[in-house]
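Single-structure report; data block below.
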Amino acid sequence: MSWFGSLLGHSSQGTASPVTMGEAGPAADNRYYQRINSGNLRFRLSWQDKRGKTKRKNAKVVDMNGTGALVECGMEIPPGSFVYVQNPDLGMMGSAYVRRCEPQLFSYQIGLQFAAPLTHRF
């Protein structure tokens, strides 16, 4: 399955195949879809803060699959926030919920769960 197919939630069989227990490796992995290392992929994130002001920040994608992504961002986004996700290079967009936000040395690792598979702009 290609990483692009996983982004859309599809494989050559029509839907992404589940990860079996043997593929999880030494650490337990409860994800239904395999994670894909995204290389240099970046997302543009947009969300509203507590005051209703729109915030925008670029984030580096650490890994992702058809249902979510782990990103590194220079700004904290509280868990439960609804974010708009764009990737201008691939022409894809969508929305996601922030499931976790953990501080790192100079950034935050943010776990995103896509509300629906990412789609093309047109």
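The values are calculated or read from the model by the stated rules, or taken from the named source; none is laboratory data. Only a predicted model underlies this, so the values are computations on that prediction, with no experimental measurement involved. Protein only, heavy atoms only, side chains kept; ligands, DNA and RNA dropped before computing areas. Shrake-Rupley method; radii C 1.70, N 1.55, O 1.52, S 1.80 Å.
The apolar share of the surface of region 56-100, taken as the fraction of accessible area on carbon and sulfur atoms (1.4 Å probe, ligands and nucleic acids excluded), comes to 48 percent. Computed from phi, the 3J(HN,Hα) profile of region 90-103 under the Karplus parametrisation 6.51, -1.76, 1.60 (θ = phi - 60°) reads 8, x, 10, 8, x, 9, 8, 9, 7, 9, 7, 8, 10, x Hz, with x in place of Gly and Pro. Accessible surface computed residue by residue for region 45-122, with neighbouring protein chains in place and a 1.4 Å probe, gives 58 Å² per residue.
Note on M93: accessible area approximately 50 square angstrom, rounded to 10, probe 1.4 Å, nucleic acids and ligands left out.
Scanning residues 5 or more positions from M92 or on other chains, those with amide H under 5 Å from its amide H are N87, with H placed 1.01 Å from N in the peptide plane.
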